[in-house]
Each structure stands twice: as C-alpha cells, then as structure tokens.
1. Calculate the spin-label point distance for A:Asp149 paired with A:Met40, positioning each point 7 Å from the Cα along the beta-carbon direction, and give it in nanometres.
2. Any idea how far apart A:Ser5 and B:Arg20 come out in nm if each label point goes 7 Å out from Cα toward Cβ?
3. Around A:Gly96, which amide H atoms from residues at least 5 apart in sequence, or from another chain, sit under 5 Å from its own amide H, with H modelled in the peptide plane?
4. Return the whole-Å distance between the Cα centroid of the range B:30-49 and the Cα centroid of the range A:65-132.
5. Suppose we compare each residue of the range B:155-192 in its chain alone and in the full protein complex with a 1.4 Å probe; which ones drop by at least 50 Å² of accessible area?
6. Using a probe radius of 1.4 Å on heavy atoms only, what accessible surface per residue do you get for the range B:1-124? Whole Å² is fine.
7. Measure nothing but the geometry: give the 0 to 90° angle between the long axis through the Cα atoms of A:176-190 and the longest principal axis through the Cα atoms of chain A, rounded to 10°.
8. With a cap of 11 neighbouring Cβ atoms within 10 Å, and only residues DSSP puts in a loop, list the trypsin sites (Lys or Arg not before Pro) found in the range A:1-91.
There are 2 protein chains.
Amino acid sequence: MARPSKKEHLVETAVKLFGRDGFHATGIDKILQEAGVARMTLYKHFRSKDELILAALRRRDEQFRIWFKSAIEKTGGTPAERLLASFDALDEWFAGRAFAGVPFTGCSFINATAEFSEANHPVHQLAAEHKRLILEYLRLLASSAGARDSDGLAWAISLLHEGAIVTAQVSSDIHAGQGAKEIARIVMAQHGIDVSTKSLENEDAY
Amino acid sequence: MARPSKKEHLVETAVKLFGRDGFHATGIDKILQEAGVARMTLYKHFRSKDELILAALRRRDEQFRIWFKSAIEKTGGTPAERLLASFDALDEWFAGRAFAGVPFTGCSFINATAEFSEANHPVHQLAAEHKRLILEYLRLLASSAGARDSDGLAWAISLLHEGAIVTAQVSSDIHAGQGAKEIARIVMAQHGIDVSTKSLENEDAY
DNA sequence: ATAAAAATAGAACGATCAGTATATATATCA
DNA sequence: TGATATATATACTGATCGTTCTATTTTTAT
C-alpha cells in the first residue's frame, strides 16, 4: 500500500481514539480495527502500546500547536490582540470546529496526566512538555505586547486557558473561552497593556 | 465484623485507588485486595463497578467539599479574604497536606471527565454536579463580599481554581495556587472589592 | 524478473477483566 | 438457643487485555 500511509494512519487513529475514550479504555484491537491495519504491523513500528501512546501524543502536540498558532495568527492583530484571540480559538475548539469536526473531549494532555499520575512517567512528562511549549509561545506574545512582566503574564494567560478548557469539558460550557477572555483583559491591563474594546476595533476597522 | 465498616471501607479504598490510578486502570481485584474484602461482599452492596465508581465519587465530593469549606472558614476572615484563602487551601492540597498525607493526583472529578467524556454519562454528570456545588459556595462568598456581579466573580474564581489545579497536576507546580491568587486579587478589585494587602493585614493584626 | 522489505491473516499466549455460582462460616439479634 | 444477616473463600464463567509466533501475501526497488 501507499508508503506514507500505514504507520501514519495508525498514529492518527490512535490520536482520535485515545483522545475520545481515554488511554486505558482504548484497546489495541479497537485501534487496529478502526485503522484497518494488521496487528503485526503495529508491533513492527512500535515496541508496545505505551510507545504508541507516546507517538500519538507527539503527533497531537504537533497538530494542536500548529492549529492553535495559526488560528491566533490568522487574525492578524497586534500581539496584545493575539493574546486575546487565543481565547476565541479555544471556543472554536470547544464547539468542535477546530479539528475536522471532531467533538471536543478536553485536552489530551490534561487527560493523559489524569491516567498517568506519576510525574516521571514518560506520558506525564510529554504532557508537561507540551504545556511548556505553549507557555513559551505565550511568553513571546506577552513580550511583544510590551508586558511589564511577560513571564508572569504568559503564566496567567496559560492558567486561564487551562481553566477554560476544564470548565468547558466538565460543565459543557462551550463559551468558557469568552469568560476567560474578559479576565485576561483585566490581567493584561494590570500588566500595562491597552486592551480597550475601542482600540481593538480601531485595529480591525477599514 | 463492625457494621459501619465493610461497605464504607470498600468505598474509601475505591476513592483512594480510583483517585491515584484512574478508573479504567483500577481493577476490582486490586480494590478488594487493598480493602481486605471478599468479592461477593462488593457485589452485595453494588450492582457493578460503575456503581462503585459513582459511590466513590459521591464520597469524594462530600469529603472534598467539607475539607475545602473548613480550610477556608478556619481562617476566620471576611468573605473577601475567604475567597482569597481558597487559593491557599488549594496549595495545601497540592502539597499533599490536605487528605491525611495522600499525594496530590489532580481533581478526581476533572480526571473522571477525562475517562468518561460523554456528557450524559452518570459519572460525567456527577462531576459536573460537584463543580456546580462548589460554584454555589463561591457565589455565596462573592455575594457576601459585596461583589457587583457575584455570579460573574464566582465563575471567575472557579475558573482560576481549575486553572491552578491543572497547572499543579500537569506541570508539578505546587505553588500554582499563589499565582492564581494574585490574579484573583486583580479580578476582585475590578468587581469593587477591596483586596489591598494592607487592609487584609489590618483584619488579621493583633 | 528478482530480491528485499512491508504488510497480511490467524492462531495462540498467559494474564487480567467484570461478574456469577456455590457452599461455608461468622456475626447479630430475637 | 435458634433464626437471620452478612461476610467469607474459591472456583468459574466468557470476554478482553497486550504481546508473540508462524506462515503467506503484497509491495517496493534493483
């Protein structure tokens, strides 16, 4: 069959099923069946289920960060506006409009630490790394936005992201991002960034 | 044996193991062995594993809310101070000092929605109800504190809680509560509540 | 065309899963 | 003492778990 396909398709299927049903609840057989791949093909590419989990999460990390940054940057605003736009992106995700109509089932990395609680487990560490990479991106935006304490602001925005994700997940609150956005506005103002609705509209207008 | 014991001990063991290792990864046999209870005793009290999960989460909801409220109220401050004290309580939890030295492994209810993603699943709904009850308590505090929009403030504090919990869990950040507390101060000020460190010290002093 | 590589089907592994059956023992309370 | 819970141990389902083995077929590259 097509060379770029088998292993890749296996990982993509794993991303989908692990994300929807969880890691322990998703058996190898279900992944194989859904992907239409033979069992030995899996074990030719991966030593174990754990390695498939890691591969799936690495793929998800790549996939998510690419989508997230592009969703933010396509708005074409200032760094301050992009920080705020990140919350609009979250709501798109919550509404199931982010990844080819796949329903929102929470953040795969938060969910991963729920099933792998030991901090030194490779899966848990991969989740922590994913969050670190996003935090780094937010730091860049916060710094470009002229925040007094860009590290502190980025950390705060990240915490608001996590809060919105969990609120959307647990309480089925599709608009949690907008609520978090208002809090972000207050925090950004405190960091010396102008976030008045007017100035934002002026940026967009004409 | 002691009447108040067998079923109760089973549920408490389930709370501990489900909380630490997750729901699907924790087999019935491990719970029975750890609790020192016969298998048939479990099925005399519970129809299925799912019902044990529900019982464990109900117990955890009770246990957690009682601890949380008492940890906040023992500070004896004003309603505004209690809202801020909630973040100190979180850090106690994160440090493993809240529940008889049991290490922090995240919020069992957030973790539950990670493993039961369907919103109408009884386990997921129980998790949502738990969060609703905490939000109700925060609304009471926000209202007593004289917040302009007590619903909005309570919602914001709740979101900061979730953000702190997830940040502590994923990134092993034991002090996430203190960071969230600073954000809460800013938000509360915006809601017309005096949260200057000075006024708080004045409340405590002497 | 031929050799090497990749993917296939299918059986089997031992372990564990949730749940049931049976039969014995231990309490509780009249 | 005797009747009635309640708990016990143990073995047993049938299903599924992750993983390995063997042997065959298909694809790729020379």
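1. Each label point lies 7 Å from its Cα, and together they span 6.1 nm.
2. According to this spin-label approximation, the distance is 4.7 nm.
3. A:Phe104
4. When both Cα centres are located, 39 Å separates them.
5. Output list: B:Trp155, B:Leu159, B:Val166, B:Gln169, B:Val170, B:Ile183, B:Ile186.
6. Working: 5940 Å² over 124 residues.
In whole numbers, the range B:1-124 has 48 Å² accessible per residue.
7. Once rounded, one gets 40 degrees.
8. A:Arg47, A:Lys74
The values are calculated or read from the model by the stated rules, or taken from the named source; none is laboratory data. Note that the structure is predicted; figures quoted are calculated from it, not measured. Cβ: placed from backbone, ideal geometry, glycine included. Neighbour counts: every protein chain shown. These area figures cover heavy atoms from the full protein model, side chains too; ligands, DNA and RNA do not enter into them. Shrake-Rupley method; radii C 1.70, N 1.55, O 1.52, S 1.80 Å.
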